[in-house]
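The next block holds one structure in the form of C-alpha cells; read it before the comments.
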Amino acid sequence: MAYVAARGGENAIIESEQLFHDLNGPLTAEKVRVIMETVPYLLDRVMGEASLYAPELAALAIAQSGGELYEAALLLRAYRTTQPRLEYAAVTEQGEMLTVRRISAAFKDIPGGQVLGPTLDYSHRVLNLGVLTGEGAVRHEATPAPEAAQPTYPALADWQRKVGLLPEVTPDTRTGHSVPDLTREPLLFPPARAHELQGLARADTGGLLTLGYSIMRGYGLIHPTVNEVRLGYAEVNLTHPATGVAFSAGRVRVSQAEIVTEFAGDSKTPELALGFCATLGWNEVKVIAGGTLDMNMQKAADHGEKHPAHTPEFVLYHTETVEASGFCIHFKLPHYVTFQSALDAMRQVRGNPQGVNLPGSEVPA
Amino acid sequence: MTATPSTPTLKDLAHQWQDHSYAFLDESSKRELRRTMLKAVALPGYQVPYASREVPIARGWGTGGLQATLSLIGPKDTLKVIDQGADDSVNAANLRRFVSRMTGVATTTDATAATLIQSRHRVPEEILGERQVLVLQVPDPEPLRSVEPDISIARQMHADADYGLMWLKLYEQLVRYGRIVQGASYPSLVHGRYVISPSPIPRWDVPKLHQARHLTILSAGREKRLYAVPPYTDVRPLEFDDIPYAVEDQSGHTCFRTGVTQKFMNELPQDDGSALFELSDAGYGEKILNAAEGDGPAPERTYFNDEGRFYHDGYLK
C-alpha cells in the first residue's frame with residue numbers, strides 16, 4: 001500500500017471539533033437568547049476584548065465556544081475583521097454620556113455628586129443557596145428615587161483644569177479616517193497615543209489586572225487615586241451619508257476610569273496628572289487597572305529606571321488577549337523538528353552524535 | 001430561456017451573495033499584505049511591520065503565513081501545506097482545509113507540483129523552482145530577541161547593522177560547550193545586510209534559502225512583521241572563519257519506510273530503547289514510495305544528495 005499522507009489528520013480534527021460541540025449540547029437560538037439576557041457583564045467583557053459591540057453576536061460566540069472566553073473573543077474578532085467600515089461615529093464627550101454610575105475617590109463630593117448606580121461593591125458575598133431549592137428565588141427591584149437622577153454629569157477633570165490643578169490639554173481634533181487605528185495599522189514604538197488607548201481598551205482583562213496590580217502593590221511610580229470611574233451609555237452619533245442628517249444609531253455600554261497622581265509637572269509648581277482607560281462594556285476592574293498602567297507608562301517616559309509594567313511595549317504586547325492566548329496554546333502543536341535539531345546539538349556536545357544505544361552510536365563507557 | 005425584456009433589479013445587478021470574500025480577507029487587506037511583501041522583497045531580510053488581521057485561526061498557529069498565502073493565492077494555484085515536514089499534521093490539515101474552502105484551489109503533497117507552499121519549520125528536500133513561493137510561518141521574527149528583548153532597541157540595532165551581541169552569543173556557546181549549540185532558527189545574514197531568523201527550520205534547511213530559485217516569504221502574524229528572501233539572494237548563517245556552520249548530522253540514519261539516507265529525519269523512539277528514523281519530509285517519502293510502485297512521478301533532485309553533499313559546491317565547509 002502506498003504511504004498516504006494528509007488523511008488521518010483531517011478526519012481527526014473534524015471529529016475532535018464534533019466531540020467538543022457534542023459535549024456542550026445543542027447550539028440553539030434559545031440558548032443564545034438566554035445568555036444574552038442573563039450575563040451582561042460577561043458579554044461586556046468579551047465585547048470589550050473583541051472591540052466589537054454586538055451583544056447578540058457576543059452571546060452566540062460564548063454559546064458556540066462553550067464559554068471558553070478566549071475562543072469567544074477570537075470568534076468575534078475574526079468576524080469583526082471581515083466587516084466593512086461604513087461610517088465613523090462622532091466623538092462622545094464624558095459630559096454628554098448617559099451616566100448611571102460615577103464615583104470619585106479623590107473628593108468627598110464632586111460637582112454633580114457621587115452616583116453609586118448599579119454595583120456589587122457593598123454586597124455581602126454570600127451565595128443565595130435558597131435559589132437552588134426554589135425558596136430563595138428573588139426578583140430584585142430597585143426603589144425609584146423620588147426625583148429622577150440627572151442623565152449627564154460633568155467631568156471632574158474639567159473642574160481640576162479650571163482651578164489649575166491639571167494642565168490644559170489641546171483637544172485632538174482628528175476624526176474618522178484620520179484617527180490612528182490599531183486594527184488597521186502596525187503597532188510601532190513609541191506608540192501613537194490613540195494606539196496605546198485602543199490597545200488598553202481591547203486588552204485581556206486578566207492581563208491588565210495582573211500588570212496593573214503589580215504596579216499598585218509594589219512596582220509603581222505613583223500611588224493611584226481614582227479621580228473618576230464612570231459607567232454609562234454612549235450614543236453612537238452618525239451622519240447620514242446621503243442626507244447629511246445627524247442621528248443616533250443606538251447606545252453602547254462603556255466604562256472609563258481616570259487615575260490621578262500628585263506631584264507631576266516641575267518641582268516649583270507641581271500639578272496633578274491623569275491616566276486614562278476606557279473600554280466597551282461595563283468592566284471596572286479593567287479600566288482602573290488600565291488607567292493605572294497608562295499613568296505609569298506616561299510617567300515612565302521621563303523616568304530613568306523602568307519596570308516592565310511601565311513600558312508600553314511590555315504592557316501592550318503581553319496583554320493582547322488573542323495573541324497571548326493563541327501563542328500559549330500553540331505550544332500544543334508538534335515541535336519535533338526544532339526538538340530534533342536541539343537534540344542533535346546536544347548529542348554533538350556529549351560526543352555521541354548518533355545518540356546513546358542508537359544505531360551507529362558508540363556504546364557508552 | 002424566456003426573452004422578456006425588463007429593467008434589471010438591484011438584485012440582478014449585484015453579484016451573488018457570499019458569506020466571505022475570495023480567500024477570506026477583504027481586498028484592501030490583501031493589497032496591504034502584497035505591498036508589504038513587495039517592500040520585503042525590495043529590502044531582503046528587513047522586517048516590514050504590517051497590521052495583521054485576525055483570521056479564524058488562533059494566533060501563533062500560522063496566522064502570519066496564512067495571511068501571506070491568502071493574499072498571494074489565485075484560482076490557478078496549487079497549494080501544499082506542511083507542518084514539521086508532514087502534510088497530514090493536524091494543523092497543516094486544518095490550514096489546508098481552510099484555504100481550500102475559501103478559494104477552491106487544488107492541493108497537493110508534492111513539493112515540486114505546488115505553486116505555493118505554506119510551511120511550518122521545514123523547507124522541502126526537493127529543489128524548489130522559480131515559479132514557486134515558499135511561505136514560512138514565523139513565531140518570532142526577531143533574531144535579536146534572545147540578546148535584546150526590547151523591539152525598539154532591536155530595530156535600532158538592525159538599522160546600524162549592529163550584530164555584535166549576536167556574534168557574542170554564538171561565541172559564548174563556543175566557549176561553554178566547545179561548539180555552537182544553536183538548534184533551529186539559526187541567525188543568518190541576508191544579502192550581506194540584515195540578520196534574520198529563518199524561522200525555526202533546522203540548520204539542515206537554512207542553506208536551502210541561499211541563492212534559491214524560489215521566493216521565500218516569512219510572515220509572523222502575532223508579531224506583525226513580514227520579511228523575505230528573494231530568489232538568487234545570498235543567505236549566510238553566521239559562522240566564524242575557523243568554526244564552520246554545521247547542519248544536523250544525518251549520517252547513519254536510514255528512513256525505515258523508504259531506505260533513503262542523508263535527509264532530515266524524524267527520530268521515532270521504540271519500546272526496546274532503540275529508535276527508528278523516517279523522512280521528516282512526508283511528501284517526498286510518499287513520492288518515493290509511489291514512484292517505486294510505478295504510481296506517480298519520480299522524485300526530483302534534492303538539495304542534499306545521497307552522500308549528504310549540498311548542491312551549491314563549497315557553500316558548506
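The values are calculated or read from the model by the stated rules, or taken from the named source; none is laboratory data. It should be emphasised that the depicted structure is a prediction, and the values quoted were computed from it without experimental measurement. Don't worry about glycine lacking a Cβ; one is built from the backbone with ideal geometry, like all the others, and counts go over all protein chains shown.
Regarding residue A:146, is this residue under 23 Å from residue A:259 (Cβ atoms) and not hydrophobic (A, V, I, L, M, F, W, C)? Give the steps one after another, and end with the answer.
On the way: under 23 Å from residue A:259 (Cβ atoms): no; not hydrophobic (A, V, I, L, M, F, W, C): yes.
Criteria not met by residue A:146.
If you check B:201, B:217, B:196, which single one turns out to be touching a His at 6+ places or on another chain (Cβ under 9 Å) and closer than 28 Å to residue B:35 by Cβ?
Of B:201, B:217, B:196, the one residue that is touching a His at 6+ places or on another chain (Cβ under 9 Å) and closer than 28 Å to residue B:35 by Cβ is B:201.
Before we move on, is residue A:105 in a loop (DSSP other than H, G, I, E, B), within 28 Å of the chain's Cα centre (by Cα) and within 24 Å of residue A:263 (Cβ to Cβ)? Break it down stepwise before answering.
Numbers: in a loop (DSSP other than H, G, I, E, B): yes; within 28 Å of the chain's Cα centre (by Cα): yes; within 24 Å of residue A:263 (Cβ to Cβ): yes.
Yes, satisfied.
Out of (1) more than 8 Å from chain A (Cβ to nearest Cβ); (2) of a type outside the set (Phe, Trp, Tyr); (3) surrounded by fewer than 20 Cβ atoms within 10 Å (Cβ to Cβ), the odd one out for residue B:299 is which?
(3)
Only one residue in A:252, A:260, A:236 is β-branched (Val, Ile, Thr) and more than 16 Å from residue A:88 (Cβ to Cβ), so which one is that?
On the way: A:252 fails: more than 16 Å from residue A:88 (Cβ to Cβ); A:236 fails: more than 16 Å from residue A:88 (Cβ to Cβ).
Only one candidate passes the filter, namely A:260.
Six or more apart or on different chains, Cβ atoms under 8 Å: show the pairs whose first residue is in the range A:271-296 and among the charged types (D, E, K, R) and whose second is assigned to a loop (DSSP other than H, G, I, E, B) and buried (at least 24 other Cβ atoms within 10 Å of the Cβ).
A:286/A:203
Can you go through A:60, A:52, A:42 and tell me which one is over 23 Å from residue A:290 (Cα atoms), aliphatic (A, V, I, L, M) and surrounded by fewer than 23 Cβ atoms within 10 Å (Cβ to Cβ)?
None of the other options fit; the residue is A:60.
Just checking, which of B:226, B:209, B:238, B:215 is out of contact with any Ser or Thr (no Cβ under 9 Å at 6 or more places or on another chain) and touching a residue at least 12 places away in the same chain (Cβ under 8 Å)?
Being out of contact with any Ser or Thr (no Cβ under 9 Å at 6 or more places or on another chain) and touching a residue at least 12 places away in the same chain (Cβ under 8 Å) holds for just one of B:226, B:209, B:238, B:215, which is B:215.
Give the residues of the range B:225-236 that are surrounded by fewer than 22 Cβ atoms within 10 Å (Cβ to Cβ) and not aromatic (Phe, Trp, Tyr), sorted by residue number. Let's see the steps before the verdict.
Here is the first cut: in the range B:225-236, the ones surrounded by fewer than 22 Cβ atoms within 10 Å (Cβ to Cβ) are B:230-234, B:236.
The answer is B:230, B:231, B:233, B:234, B:236.
Going by what's in this entry, would residue B:273 be described as exposed (fewer than 15 other Cβ atoms within 10 Å of the Cβ) and either within 9 Å of another protein chain (Cβ to nearest Cβ) or among the aromatic types (Phe, Trp, Tyr) (or both)?
yes
Looking at the range B:150-185 only, could you name the residues that are at the interface with chain A (Cβ under 9 Å from one of its Cβ atoms) and assigned to a loop (DSSP other than H, G, I, E, B)?
B:150, B:178, B:179, B:180, B:181, B:182, B:183, B:184, B:185
So if I check each of B:86, B:92, B:106, B:114, which one is more than 11 Å from every other protein chain (Cβ to nearest Cβ) and either charged (D, E, K, R) or crowded, with 24+ Cβ neighbours inside 10 Å (or both)?
Just a single option satisfies the conditions, and that option is B:114.
Out of the residues in the range A:305-336 that are over 28 Å from residue A:78 (Cβ atoms) and not aromatic (Phe, Trp, Tyr), state the one that is surrounded by the fewest Cβ atoms within 10 Å (Cβ to Cβ).
Here the answer is A:305.
Residues of the range B:220-262 being small (Gly, Ala, Ser) and more than 13 Å from chain A (Cβ to nearest Cβ), which ones?
Correct list: B:228 only.
For the range B:60-98, enumerate the residues that are small (Gly, Ala, Ser) and part of a strand (DSSP E or B).
If the condition is that a residue be small (Gly, Ala, Ser) and part of a strand (DSSP E or B), then B:86 is the only one that fits.
Would you check if residue A:86 is within 14 Å of chain B (Cβ to nearest Cβ), loosely packed, with under 12 Cβ neighbours inside 10 Å and hydrophobic (A, V, I, L, M, F, W, C)?
Yes; evaluated as a whole, the condition is true for this residue.
All but one of (1) surrounded by 14 or more Cβ atoms within 10 Å (Cβ to Cβ); (2) modelled with pLDDT of 95 or more hold for residue A:29, so report the exception by its number.
(1)
This table checks each residue for (1) farther than 21 Å from residue A:279 by Cβ; (2) in contact with a Ser or Thr (Cβ under 9 Å, 6 or more places away or on another chain); (3) surrounded by 13 or more Cβ atoms within 10 Å (Cβ to Cβ).
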| residue | (1), (2), (3) |
| --- | --- |
| A:90 | no, yes, yes |
| A:112 | yes, yes, yes |
| A:130 | yes, no, no |
| A:140 | yes, no, no |
| A:148 | yes, no, no |
| A:153 | no, yes, yes |
| A:174 | no, no, no |
| A:181 | no, no, yes |
| A:195 | no, no, yes |
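Give the residue that is nearest to the other protein chains (Cβ to nearest Cβ), with candidates limited to residues of the range B:1-59 that are acidic (Asp, Glu) and part of a loop (DSSP other than H, G, I, E, B).
Taking the candidates together, the pick is B:54.
Looking at residue A:258, is it more than 9 Å from every other protein chain (Cβ to nearest Cβ) and at pLDDT 85 or above?
Spelling it out, residue A:258 is indeed more than 9 Å from every other protein chain (Cβ to nearest Cβ) and at pLDDT 85 or above.
Give the residues of the range B:242-258 that are farther than 22 Å from residue B:187 by Cβ and either touching a residue at least 60 places away in the same chain (Cβ under 8 Å) or hydrophobic (A, V, I, L, M, F, W, C) (or both), sorted by residue number.
B:255, B:256
I need a count of the residues in the range A:65-82 that are within 13 Å of chain B (Cβ to nearest Cβ), in contact (Cβ under 8 Å) with a residue 24 or more places away in the chain and surrounded by fewer than 18 Cβ atoms within 10 Å (Cβ to Cβ).
The qualifying residues number 2.
Kindly indicate whether any position in the range A:173-181 is within 14 Å of chain B (Cβ to nearest Cβ), in a helix (DSSP H, G or I) and modelled with pLDDT under 90.
Yes, the range A:173-181 contains at least one residue that is within 14 Å of chain B (Cβ to nearest Cβ), in a helix (DSSP H, G or I) and modelled with pLDDT under 90.
Yes or no: the range B:277-285 includes at least one residue that is within 10 Å of chain A (Cβ to nearest Cβ), in a loop (DSSP other than H, G, I, E, B) and not small (Gly, Ala, Ser).
No - not one qualifying residue is present in the range B:277-285.
Go through the range B:93-113 and count every residue that is touching a residue at least 24 places away in the same chain (Cβ under 8 Å), touching a Gly at 6+ places or on another chain (Cβ under 7 Å) and more than 21 Å from residue B:300 (Cβ to Cβ).
1
Tell me which residues, restricted to the range A:185-205, are modelled with pLDDT under 95 and within 22 Å of residue A:325 (Cβ to Cβ).
The answer is A:186, A:187, A:191.
Conditions (1) in contact with a strand residue (DSSP E or B) (Cβ under 6 Å, 6 or more places away or on another chain); (2) hydrophobic (A, V, I, L, M, F, W, C); (3) more than 20 Å from residue A:327 (Cα to Cα), marked per residue:
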| position | (1), (2), (3) |
| --- | --- |
| B:42 | no, yes, yes |
| B:46 | yes, no, yes |
| B:51 | no, yes, no |
| B:56 | no, no, no |
| B:64 | yes, no, no |
| B:71 | no, no, yes |
| B:79 | yes, yes, yes |
| B:98 | no, yes, no |
| B:102 | yes, yes, yes |
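Only residues that are of a type in the set (Gly, Ala, Ser), assigned to a loop (DSSP other than H, G, I, E, B) and free of Cβ contacts under 8 Å to residues at least 24 places away in the same chain: list them for the range A:183-226, please.
Once the filter is applied, which keeps residues that are of a type in the set (Gly, Ala, Ser), assigned to a loop (DSSP other than H, G, I, E, B) and free of Cβ contacts under 8 Å to residues at least 24 places away in the same chain, the range A:183-226 yields only A:192.
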